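The values are calculated or read from the model by the stated rules, or taken from the named source; none is laboratory data. These numbers come from a predicted model, not from an experiment. Cβ: placed from backbone, ideal geometry, glycine included. Neighbour counts: every protein chain shown.
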Amino acid sequence: MIKVLQYSFYDLIRSRWSYVYFLFYLVLGFALLFLNNSISKAVITLMNVIVVLTPMIGTIFGIMYYYSSREFTELLLAQPLRRRTIFLGQYLGVALSLTLSLVFGLGLPFAFYGLGQSAEMGNFALLLLSGAFLTFIFVALAFIIGLRNDNRIKGFSYAILIWLLLAVIYDGIFLISLIIFEDYPLDKFTLIATMFNPIDLSRILILLKLDISALLGYTGAIFQKFFGTQTGLFTSLGVLIVWTLVPVYFIVRLARKKDF
Amino acid sequence: MIEIKDLHKKFGRLQVLDGVSLQIADQGIFAILGPNGSGKTTLIKSILGMVIPQKGEIYVNGQPVKGQWEYRRQINYLPQIARFPENISVTELLQMIKNLRSQPANDAELIELFGLQGHLHKKLGNLSGGTKQKVNIVLAFMFDSPIFILDEPTTGLDPVSLLRLKDLLRKEKEAGKTILITTHIMDFVETMADEIVFLLEGNIYFKGTLDELKKKSNQQDLEHAIANILAENS
Ligand SMILES: Nc1ncnc2c1ncn2[C@@H]1O[C@H](COP(=O)(O)OP(=O)(O)OP(=O)(O)O)[C@@H](O)[C@H]1O
Ligand SMILES: [Mg+2]
């Protein structure tokens, strides 16, 4: 698997898009620091960008890579390799290279700005961690869509749709249902609804850590009340891990049965 | 030896293989023939585990292949359509496959045989169709495996390269290899094949030698024999 991973990884690292992504975060990091003039404020702004953007990049990149490496895949399938090895290797190659762009793209400006000495170190690390989780989750979802759809146009549409659904529409429906059912006790519903969306979950995770959740919306307040910061942190991390492993399991399953 | 038992494969509603059973002995060139869409590629890909059949068993050298992967070390495969990652060079591709297989390879010799020296640093996306096919051949012949599965290896080759390919095949056959070939070039079959398997409508219509086929269809040459079979069955 390491060899397949290596090839996918180098293939991507050499491609223009990794640099674009890296430079984008580099510029974003410097711009936010410059505009906010404080690391802690920049971290909050950054959170809002990261929870929406990493899933989008993950999905689009994931599906693009899946389709463009079709030839590579077919070549590998005839070699003495497990299917699991081939697809997990490619998946990890994409997810890792995207994560590295994120970590270095944002890490450099913040390190430059004196992150090491500031109290925000933990928060910033958590931010990158959730960005990494979201990348791994959405690249996996994109691979599932790719495995299920040989038609690229369809695949791309579904990929964008799933991002839109989880990043935008889900929140909308969620808010509407809160308004419609405002007479009912909805704490449990809120909690569960959050668990089913990794984007919301990451947002909560970071807010809990920043300890400003009560100020920033209903869901966060509920979460804090129920779990307290420490338990909430681990619960959400645990759920994010499940959110990563389940799609990866489906990649392996779908890959096992597919005809090439 | 390759053994196929009662193989069924459907794509959606299309039944491509409908209970194919076949034994392919060691050593020799076996031509799989049949009209377009008769399931030759599907059969080959099932042996390689690239297509997953709904029913039936396949054994390669006595081992069932279902869910297995190590057995592919014993197979050299040439796909019908040479599809390569476009943005890497010929050398990088060869290097990559050698690295993945970690087996000794005689690619240098083959590169020279097919005159590919001048193309080694070109990106695969920029190669002509025939040159791509030569790369395909180098990939398929560079390892010393007991089984060769070649899906229309002659496509796009010029006459000189075709002769080289035939020489290669004879050499491998003499070395005791089992060679499975699909092709639509009857001339190639007549000069090269030891045995013919004719696929028709999801089943094996005929299996035997060239002479047996000619006798069965009362024809002098293979082209007419096949045309006869197809006319009778349409
Ligand atoms: N992955 C697939 N999905 C759906 N249908 C497929 C798939 N692969 C093959 N088929 C269909 O199965 C049938 C047999 O195809 P196959 O490629 O095995 O034929 P073939 O005998 O190799 O033909 P040719 O001589 O043209 O190479 C065709 O009708 C083809 O459209
Ligand atoms: Mg074919």
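Somewhere in region B:35-46, is a residue away from ligand 2 (no atom under 16 Å from the Cβ) and without any contact (Cβ under 8 Å) to a residue 60 or more places away in the chain? No; the residues of region B:35-46 include none that is away from ligand 2 (no atom under 16 Å from the Cβ) and without any contact (Cβ under 8 Å) to a residue 60 or more places away in the chain. Checking each residue in region B:164-214 for being within 14 Å of B:Ile24 (Cβ to Cβ) and among the aliphatic types (A, V, I, L, M) picks out B:Ile179, B:Leu180, B:Ile181, B:Ala193, B:Ile196, B:Val197, B:Leu199, B:Ile204. Applying the criterion of being surrounded by fewer than 18 Cβ atoms within 10 Å (Cβ to Cβ) and under 17 Å from A:Leu81 (Cα atoms) to the residues of region B:70-94, the residue that is farthest from the other protein chains (Cβ to nearest Cβ) is B:Gln74. The residue that is nearest to ligand 2 (Cβ to nearest atom), among those in region B:1-28 that are out of contact with any helix residue (DSSP H, G or I) (no Cβ under 7 Å at 6 or more places or on another chain) and closer than 13 Å to B:Glu201 by Cα, is B:Leu14. From the list A:Thr59, A:Thr54, which one is crowded, with 22+ Cβ neighbours inside 10 Å and either within 12 Å of another protein chain (Cβ to nearest Cβ) or over 14 Å from A:Gly105 (Cβ atoms) (or both)? A:Thr59 is the lone residue from the list that is crowded, with 22+ Cβ neighbours inside 10 Å and either within 12 Å of another protein chain (Cβ to nearest Cβ) or over 14 Å from A:Gly105 (Cβ atoms) (or both).
The helices (runs of 4 or more DSSP H) found entirely in region A:140-198 that carry 1 or more residues being under 27 Å from A:Leu237 (Cα atoms), in contact with a Ser or Thr (Cβ under 7 Å, 6 or more places away or on another chain) and among the hydroxyl-bearing types (Ser, Thr, Tyr) are A:187-195.
Yes/no per residue for (1) in a helix (DSSP H, G or I); (2) touching a residue at least 40 places away in the same chain (Cβ under 8 Å):
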{"site": "A:Val52", "(1), (2)": "yes, yes"}
{"site": "A:Met56", "(1), (2)": "yes, yes"}
{"site": "A:Glu71", "(1), (2)": "yes, no"}
{"site": "A:Pro80", "(1), (2)": "no, no"}
{"site": "A:Phe87", "(1), (2)": "yes, yes"}
{"site": "A:Gln90", "(1), (2)": "yes, yes"}
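For the residues B:Tyr77, B:Tyr71, the requirement of being within 16 Å of ligand 1 (Cβ to nearest atom) and among the hydroxyl-bearing types (Ser, Thr, Tyr) singles out B:Tyr77.
Tell me which helices (runs of 4 or more DSSP H) are completely within region B:87-175 and hold 1 or more residues being of a type in the set (Gly, Ala, Ser) and more than 16 Å from ligand 1 (Cβ to nearest atom), or say none if there are none.
Passing ranges, in order: B:107-113, B:129-141, B:159-174.
Exactly one residue out of B:Gly67, B:Gly49, B:Gly62 is away from ligand 2 (no atom under 13 Å from the Cβ), touching a residue at least 40 places away in the same chain (Cβ under 8 Å) and either over 30 Å from B:Ala225 (Cα atoms) or facing chain A (nearest Cβ under 9 Å) (or both): that is B:Gly62.
The set of residues in region A:234-260 being within 14 Å of another protein chain (Cβ to nearest Cβ), assigned to a helix (DSSP H, G or I) and either surrounded by 13 or more Cβ atoms within 10 Å (Cβ to Cβ) or among the aromatic types (Phe, Trp, Tyr) (or both) consists of A:Val252, A:Arg253, A:Leu254, A:Ala255, A:Arg256. Scanning region B:95-111 for residues that are charged (D, E, K, R) and buried (at least 16 other Cβ atoms within 10 Å of the Cβ) gives B:Lys98, B:Arg101, B:Asp107. Please determine whether any residue of region B:20-35 is more than 14 Å from chain A (Cβ to nearest Cβ), farther than 17 Å from B:Pro153 by Cα and within 12 Å of ligand 1 (Cβ to nearest atom). Checked against the condition, which is being more than 14 Å from chain A (Cβ to nearest Cβ), farther than 17 Å from B:Pro153 by Cα and within 12 Å of ligand 1 (Cβ to nearest atom), region B:20-35 yields at least one hit. Please work out which residue is nearest to ligand 1 (Cβ to nearest atom), limiting yourself to region B:44-58 and to residues that are touching a Gly at 6+ places or on another chain (Cβ under 9 Å) and not β-branched (Val, Ile, Thr). The qualifying residue nearest to ligand 1 (Cβ to nearest atom) is B:Ser46. Residue count for region B:67-84 satisfying the condition of being under 21 Å from the mean Cα position of the chain (by Cα) and in a loop (DSSP other than H, G, I, E, B): 8. Looking only at residues of region A:62-115 that are β-branched (Val, Ile, Thr) and away from every other protein chain (no Cβ under 14 Å), we find that the one that is farthest from the chain's Cα centre (by Cα) is A:Ile63.
Yes or no, residue by residue, for (1) surrounded by fewer than 18 Cβ atoms within 10 Å (Cβ to Cβ); (2) in contact (Cβ under 8 Å) with a residue 60 or more places away in the chain; (3) more than 21 Å from B:Asn76 (Cα to Cα):
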{"residue": "B:Leu157", "(1), (2), (3)": "no, no, no"}
{"residue": "B:Lys166", "(1), (2), (3)": "yes, no, no"}
{"residue": "B:Ile181", "(1), (2), (3)": "no, yes, no"}
{"residue": "B:Glu195", "(1), (2), (3)": "yes, yes, no"}
{"residue": "B:Thr209", "(1), (2), (3)": "yes, no, yes"}
{"residue": "B:Glu223", "(1), (2), (3)": "yes, no, yes"}
{"residue": "B:Asn228", "(1), (2), (3)": "yes, no, yes"}
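Among the numbered conditions (1) within 16 Å of ligand 2 (Cβ to nearest atom); (2) part of a helix (DSSP H, G or I); (3) not small (Gly, Ala, Ser), the only one that B:Ile32 does not meet is (2). Among residues of region A:33-43 being surrounded by 19 or more Cβ atoms within 10 Å (Cβ to Cβ) and modelled with pLDDT under 85, the one that is nearest to A:Leu129 (Cα to Cα) is A:Val43.
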